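Structure first, then comments.
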Amino acid sequence: MTITLSQADYANWLDEATCPRAEGEVTAYPSALGRGQQRYVALREGVELCIEDLCLHDDLEIQHCDREHPLEFIFEQIHSGGKSSQRYAFFGSGLAPAESWRVPGNRRIVGINVHVDPNAFRQWIGEARDDLPDLLRPADQRYLERSGIPTAAMQMAVQAILHCPFQGLTQRLYLESKVWELMALLIEDLKTMPDSFSPPALKADDVERIHYASKLLCRQIAQPPTLIELARAVGINDHKLKVGFRQVFGTTVFGYLHEHRMERSRQLLESGDLSVTAAAEAVGFASRGHFAAAFRRKYGVNPGVYVRGRRA
């Protein structure tokens, strides 16, 4: 069954279920819709963070009308049937058209939602806007929207927000720093993302060079080259390498490297020839703790537990 609500009805339902809502307070999600919790944090004027962990009873469809929209980004981890997936959505400011948003039921959704007022964003970036994607549009012009799979760096920043160890002022400063870090990563990702309407064509020679670059990354997995070094090694500029990598492999250069590191480490642990520490070093992790966290995010289990499970 699908529950359909207008944007206003949905907002009123949340307010009635959670009021009064103190700053930073964790509130239960309306039990009529599902189970879970939300926490809103006003980081500074014009910058608001919402952290949520919920599971709806049924599919929910929220009908939005035309509206003026701030900058917004959403990161979600969706867990269902023992499997999980991650995605992000990024919206510039401008006109958000009438549309329906669908939230699936019977799935656990853990994520963050950030709203940034355009004026707060302008204050943050200052006058340096020459290299900025088309994020700030007039209220009568449709906003820019992009979605995709989070890079490894984005996933780490999101996890830092979800598991922030601080309280009080330190917590607010820490969370705001991670929000701006995510904004920077999203903007950089936008620069390398091909336009969905007119993607730049890659020549056969460029595709061959990009495949060669992927092989170099895999060969030097423990001590990979920088982006500039890799571009020079294969004979193309770094911008074409970034854009081309996403077109050919569907991910960023170092997103590709991270995935290869994770798969190679799993193979090494499965063989039983290396300890967890040695496997981490073999794929380029200087810290066993960082490796364990990355392995757990990728495979849902600590590397030590994975090894013991394979031996059982």
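FYI, it's all coordinate maths here, none of it is from the lab. Keep in mind that what you see is a predicted model, and the values were worked out from it rather than measured. Cβ coordinates were reconstructed from backbone atoms using ideal geometry, including for glycine residues, and neighbour counts include every protein chain displayed.
Can you give the three extents of the C-alpha atoms in segment 123-194 along their principal axes, from longest to shortest, in whole Å?
Taking the Cα atoms of segment 123-194, the three principal extents are 40, 28, 22 Å.
Mind running the shape call on segment 32-71? Use the C-alpha gyration tensor, a ≥ b ≥ c as the square roots of the eigenvalues: rounded below 1.5 for a/c, prolate if a/b tops b/c, oblate otherwise. Working shown, then result.
Details: a/c = 4.25, a/b = 1.28, b/c = 3.32.
In terms of gyration-tensor shape, oblate.
Quick one: Karplus J couplings for segment 278-293, per residue in order, coefficients 6.51, -1.76, 1.60, θ = phi - 60°, nearest Hz, x for Gly and Pro?
5, 5, 4, 5, 5, 9, x, 8, 7, 10, 5, x, 5, 5, 4, 5
Considering just Cα atoms, how many Å³ per residue does the convex hull of segment 142-240 enclose?
Per residue, the Cα convex hull of segment 142-240 comes to 143 Å³.
Check the straight Cα-Cα distances from residue 191 and name the lysines below 18 Å, setting aside those fewer than 8 residues away within the same chain.
Correct list for residue 191: 240, 242.
Any idea what the alpha-carbon Rg over 2.2 N^0.38 Å comes to for segment 256-311?
Normalised Rg, Cα atoms only: 0.96.
Less than 11 Å Cβ to Cβ from residue 210, Lys/Arg counted +1 and Asp/Glu -1: what total charge do the surrounding residues give?
Around residue 210, the surrounding residues sum to +3.
What Kirkwood radius, in Å to one decimal, follows from the Cα pairs of segment 204-250?
With all distinct Cα pairs of segment 204-250 included, I get 10.4 Å.
Counting other Cβ atoms within 10 Å of each Cβ, which chymotrypsin sites (Phe, Trp or Tyr not before Pro) in segment 99-171 have at most 14 and sit in a DSSP loop?
Qualifying residues, ordered by number: 166.
Looking only at the chain, where both bridge partners belong to it, what percent of the DSSP beta bridges are antiparallel (to the nearest 5)? Don't jump to the answer; show the numbers that get you there.
On the way: 52 of 59 bridges.
Just about 90 percent of them are antiparallel.
Stokes-Einstein at 20 °C, 1.002 mPa s, Kirkwood radius from Cα pairs: D for segment 1-113 in µm² s⁻¹? Before the final figure, lay out each step's value.
Working: Rh = 15.1 Å.
The calculation lands on 142 µm²/s.
Give me P(r) over segment 154-311, computed from all C-alpha to C-alpha distances, binned every 10 Å, as integer percentages.
Cα pair-distance distribution for segment 154-311, in percent: 10, 30, 31, 23, 6, 0.
Determine the calculated [θ] at 222 nm for the chain from helices alone, applying -39500 (n - 2.57) to every DSSP H run no shorter than 4 residues and normalising by the residue count; nearest 500 deg cm²/dmol. Could the numbers behind the result be given before it?
On the way: 11 runs with 139 residues, N = 312.
When only DSSP H runs of four or more count, the value is -14000 deg cm²/dmol.
Of 79, 152, 103, which is farthest towards the positive pole of segment 61-155's charge dipole, taken about the Cα centre with +1 and -1 on the beta-carbons of Lys, Arg and Asp, Glu respectively?
79
For the chain, go through all pairs of different Cα atoms, get the mean of 1/r, take its inverse, and jot down that Kirkwood value in Å.
21.8 Å
Set the Förster distance to 45 Å, then compute FRET efficiency between residue 237 and residue 140 from the Cβ-Cβ distance, nearest 0.05.
Numbers: r = 37 Å, r/R0 = 0.83.
After rounding, the FRET efficiency stands at 0.75.
Could you give each residue of segment 97-103 its phi-based ³J(HN,Hα) in whole Hz, using Karplus coefficients 6.51, -1.76, 1.60 with θ = phi - 60°, and x for Gly or Pro?
x, 4, 6, 10, 9, 10, 10
Not counting the cut sites, what is the longest span of the chain without trypsin sites (Lys or Arg not before Pro) that DSSP labels loop and that have at most 15 other Cβ atoms within 10 Å?
After excluding every exposed loop site, the longest remaining stretch is 204-312.
Between beta-carbons, use under 12 Å as the cut-off and find the net charge around residue 2, counting Lys and Arg +1, Asp and Glu -1.
With Lys, Arg at +1 and Asp, Glu at -1, the neighbours total -2.
Where in segment 77-119 does the amide nitrogen come within less than 15 Å of the point 7 Å from the Cα of residue 132, taken along Cα to Cβ?
Inside the label zone: 91-94, 116-119.
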